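First comes the structure, then the notes that go with it.
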There are 2 protein chains.
Amino acid sequence: MIIDIHGHYTTEPQPLLTFRDKQLAGLADPMRRPATNDLGITDAMLRESVQPQLKLQQERGSDLTIFSPRAAGMAHHVGTEETGKVWSRLSNDLIHRIATLLPDNFAPVGQLPQHPGVPPKNCIAELERLVGLGFVGVNLNPDPSGGYWTDPPLTDRWWYPVYEKLVEFDMPAMIHVTSSCNPNFHYTGAHYINADTTAFMQLIQGNLFKDFPALKFVIPHGGGAVPFHWGRYRGLAQEMKKPLLTEHLLDNVFFDTCVYHLPGIELMAKVIPVDNILFASEMLGAVKGIDPETGHYYDDTKRYIDQVETLSGEERYKIFEGNARRVYPRLDAQLAKRGKPGKAA
Amino acid sequence: MIIDIHGHYTTEPQPLLTFRDKQLAGLADPMRRPATNDLGITDAMLRESVQPQLKLQQERGSDLTIFSPRAAGMAHHVGTEETGKVWSRLSNDLIHRIATLLPDNFAPVGQLPQHPGVPPKNCIAELERLVGLGFVGVNLNPDPSGGYWTDPPLTDRWWYPVYEKLVEFDMPAMIHVTSSCNPNFHYTGAHYINADTTAFMQLIQGNLFKDFPALKFVIPHGGGAVPFHWGRYRGLAQEMKKPLLTEHLLDNVFFDTCVYHLPGIELMAKVIPVDNILFASEMLGAVKGIDPETGHYYDDTKRYIDQVETLSGEERYKIFEGNARRVYPRLDAQLAKRGKPGKAA
């Protein structure tokens, strides 16, 4: 089984987007508020909406996508905490329904109703609801301000109530920002990558996993700049008298393979231990075109991994499936229950 | 000749640091203001202060370092525009004196008295002064706020007056932030790398070099995350209907080799055209330790380049010398005048 751990629902039915427009328009003019939270989205509409993803799964040879709401759509900095709660709930509900309709193709990951300056503990009600619905993880935004970075670093106790719950529920968090309202940062080209790099460096500086040895973070987009600057990060940790990165962070921090060219994936495979690499494509995500240098889609990342000749069969199994089952234990349990245990089992 | 294009004066004599303390203390208590701008730093003190750099040049086999004030010391967000002007001037003067005392070892690059929210054109007086003193380039801070990114992107007309002068004087700018006052961003581990990535993405989005075809930017630290995500950037440019990155940016944008492990340098050599790679070590900079995996200093970047077997002799010449002469034409002219022309001449 090939598990793609990073897919966003970027083909949402129009009524969801219309709702959001009305909801935000309603902040300026209460007359424009949506009349109802019932979006009128049928199961048929949901199935229809994910045909592009299903087609690509088949064409590219992946089986299951860990699926969450559109990352840029979370927009925690937009509106109020209250509109964010409603918006998160509606967005998560669609993911839940898709994963229920197509459990062999999608596993649900949720967004949290974060809001800049508001304690993350306010998200716990939604987090608990997601657990009840069978979600296997959440996206955690390290910068709810949308590009101004005005909340505390991820190592601050500000975030601890959420971490306690994540550990309790055996759920990993993917560290994923949303859109940027700072004109300096293009969202997929700068903000996402910077956030990945920033989060990793915060974790080097802190000792978060001393307090939460069972907490697991996935840093997407190949870990931002981290593998490319692996020597810098090893050296900085050393100067700070931290343990080796393998001991300090790599029991808890994992990287996905959303890196859109072979040399990048080759670098990852060289410097990041194979136990910390999880296959992902960010399918229907940041970069949709065909690479003129290869004739293939940039985001067909499975092809790059297939081309890394140094990987053994066992290592490929880890990247494509085994690590995902380990990092997302609730997914592993669900799969086992449906007669699809992992290799070890 | 081997030219290291990225060195900062991180071994400043104590009187400079004492001055800065008094200057900033003077903002709170005018009684503590420095009595004089005469630091009392002798030529002997300057020579003594750069012995570590000279020793490393000799040990590692480089000849000339393009040398600028401590990057984190610029701290444009600290104090007032006025203290920044005095501070820049004093810092630049020391660089000038060192390059005058040891012209075979150091070529001067200056800091600009930028200040958050203040138009960059206010830096022109200092820029013109630097030209008169024989400086060959400047460091330009894309985020004078120190980690909150509150000024406009580099493609905004806000910056144009400085670009006009840089073109007039045939000077490149290294895009280099300073320290971070945002607790989210470690300076050398996140803020520097993010700024590199951010600047490159801003340049993809804009058309700056249509307006300034002769403007040259050096993006340090290997270009941040850019080479690792070269596929992403090629793909994003393509989606934005921009020309190929080689045409859109690479006549004007150059990357240094401050990447502290061999796999990173190998990746750069694979994806970045050799004409756009300039040797640099950030010597006495971000990462000072010895890599236990190699037994050598992390920042001895020449060793990594020496190990990239695919580079021809001509390509090595470009990386170590030729490209630096092309990107820093004022340096090339100075060297030629002193009987050290480049290969082409």
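Here A:ILE193 fulfils each of the conditions (1) within 18 Å of A:LEU278 (Cβ to Cβ); (2) more than 8 Å from chain B (Cβ to nearest Cβ); (3) among the β-branched types (Val, Ile, Thr) apart from (2).
Criterion first (farther than 19 Å from A:LEU64 by Cα, acidic (Asp, Glu) and open to solvent by 10 Å² or more (accessible area, probe 1.4 Å)) does A:ASP275 satisfy it? For A:ASP275, the condition - farther than 19 Å from A:LEU64 by Cα, acidic (Asp, Glu) and open to solvent by 10 Å² or more (accessible area, probe 1.4 Å) - is met. Taking the criterion of being open to solvent by 10 Å² or more (accessible area, probe 1.4 Å), over 17 Å from the mean Cα position of the chain (by Cα) and under 22 Å from B:SER180 (Cβ atoms), the residues of the stretch A:157-184 that qualify are A:ARG157, A:TRP158, A:CYS181, A:PRO183. Does any residue of the stretch A:229-246 turn out to be more than 12 Å from chain B (Cβ to nearest Cβ) and either under 20 Å from the mean Cα position of the chain (by Cα) or in contact (Cβ under 8 Å) with a residue 12 or more places away in the chain (or both)? Within the stretch A:229-246, none of the residues are more than 12 Å from chain B (Cβ to nearest Cβ) and either under 20 Å from the mean Cα position of the chain (by Cα) or in contact (Cβ under 8 Å) with a residue 12 or more places away in the chain (or both). Across the stretch B:85-113, the qualifying residues are those that are polar (S, T, N, Q) and assigned to a helix (DSSP H, G or I), and the one among them that is most open to solvent (accessible area, probe 1.4 Å) is B:THR100.
The set of residues in the stretch A:142-173 that are in a loop (DSSP other than H, G, I, E, B), closer than 25 Å to A:TYR328 by Cβ and of a type in the set (A, V, I, L, M, F, W, C) comprises A:LEU154, A:MET171. Would the stretch B:15-24 turn up any residue that is touching a residue at least 12 places away in the same chain (Cβ under 8 Å), among the aliphatic types (A, V, I, L, M) and outside any loop (DSSP other than H, G, I, E, B)? Taking every residue of the stretch B:15-24 in turn, at least one turns out to be touching a residue at least 12 places away in the same chain (Cβ under 8 Å), among the aliphatic types (A, V, I, L, M) and outside any loop (DSSP other than H, G, I, E, B).
In the condition set (1) open to solvent by 10 Å² or more (accessible area, probe 1.4 Å); (2) within 13 Å of another protein chain (Cβ to nearest Cβ); (3) closer than 22 Å to B:LEU64 by Cα, B:CYS258 is compliant with all but (1).
Across the stretch A:54-77, what is the number of residues that are surrounded by 22 or more Cβ atoms within 10 Å (Cβ to Cβ) and touching a strand residue (DSSP E or B) at 6+ places or on another chain (Cβ under 6 Å)? Looking only at that region, the number is 9.
Looking across B:THR80, B:THR150, one residue alone is within 14 Å of another protein chain (Cβ to nearest Cβ), of a type in the set (Val, Ile, Thr) and either open to solvent by 40 Å² or more (accessible area, probe 1.4 Å) or in contact (Cβ under 8 Å) with a residue 40 or more places away in the chain (or both). It is B:THR150. Counting residues in the stretch B:312-325 that are assigned to a loop (DSSP other than H, G, I, E, B), in contact with a helix residue (DSSP H, G or I) (Cβ under 9 Å, 6 or more places away or on another chain), in contact (Cβ under 8 Å) with a residue 40 or more places away in the chain and not small (Gly, Ala, Ser) gives zero. Among the conditions (1) touching a residue at least 24 places away in the same chain (Cβ under 8 Å); (2) touching a Pro at 6+ places or on another chain (Cβ under 8 Å), A:GLU128 misses just one, which is (2).
Within the stretch B:299-314, the presence of at least one residue that is among the hydrophobic types (A, V, I, L, M, F, W, C) and within 27 Å of B:GLY137 (Cα to Cα) is confirmed. Checked against (1) away from every other protein chain (no Cβ under 14 Å); (2) of a type in the set (A, V, I, L, M); (3) within 16 Å of B:ILE3 (Cα to Cα), B:LEU311 passes all but a single condition, namely (3). For the stretch A:129-147: of the residues being buried (at least 22 other Cβ atoms within 10 Å of the Cβ) and in contact with a Phe, Trp or Tyr (Cβ under 7 Å, 6 or more places away or on another chain), which is farthest from the other protein chains (Cβ to nearest Cβ)? Among those residues, the one meeting the criterion is A:VAL136. What do you reckon, is A:PRO220 within 14 Å of another protein chain (Cβ to nearest Cβ), closer than 17 Å to A:GLY285 by Cα, touching a helix residue (DSSP H, G or I) at 6+ places or on another chain (Cβ under 8 Å) and open to solvent by less than 40 Å² (accessible area, probe 1.4 Å)? Against the criterion (within 14 Å of another protein chain (Cβ to nearest Cβ), closer than 17 Å to A:GLY285 by Cα, touching a helix residue (DSSP H, G or I) at 6+ places or on another chain (Cβ under 8 Å) and open to solvent by less than 40 Å² (accessible area, probe 1.4 Å)), A:PRO220 qualifies.
Take the conditions (1) at the interface with chain A (Cβ under 8 Å from one of its Cβ atoms); (2) farther than 21 Å from B:MET74 by Cβ; (3) assigned to a loop (DSSP other than H, G, I, E, B); (4) hydrophobic (A, V, I, L, M, F, W, C); B:MET201 misses just one of them, which is (3). What do you reckon, is B:GLY40 touching a residue at least 12 places away in the same chain (Cβ under 8 Å), within 22 Å of B:VAL136 (Cβ to Cβ), of a type outside the set (Phe, Trp, Tyr) and not in a helix (DSSP H, G or I)? Considered against the rule, which asks whether it is touching a residue at least 12 places away in the same chain (Cβ under 8 Å), within 22 Å of B:VAL136 (Cβ to Cβ), of a type outside the set (Phe, Trp, Tyr) and not in a helix (DSSP H, G or I), B:GLY40 comes out as no.
The values are calculated or read from the model by the stated rules, or taken from the named source; none is laboratory data. These numbers come from a predicted model, not from an experiment. For neighbour counting, all protein chains shown are included, and Cβ atoms are generated from backbone atoms with ideal geometry for every residue, glycine included. Please note that ligands, DNA and RNA were not included when accessible areas were found on the heavy atoms of the full protein model with its side chains. Shrake-Rupley method; radii C 1.70, N 1.55, O 1.52, S 1.80 Å.
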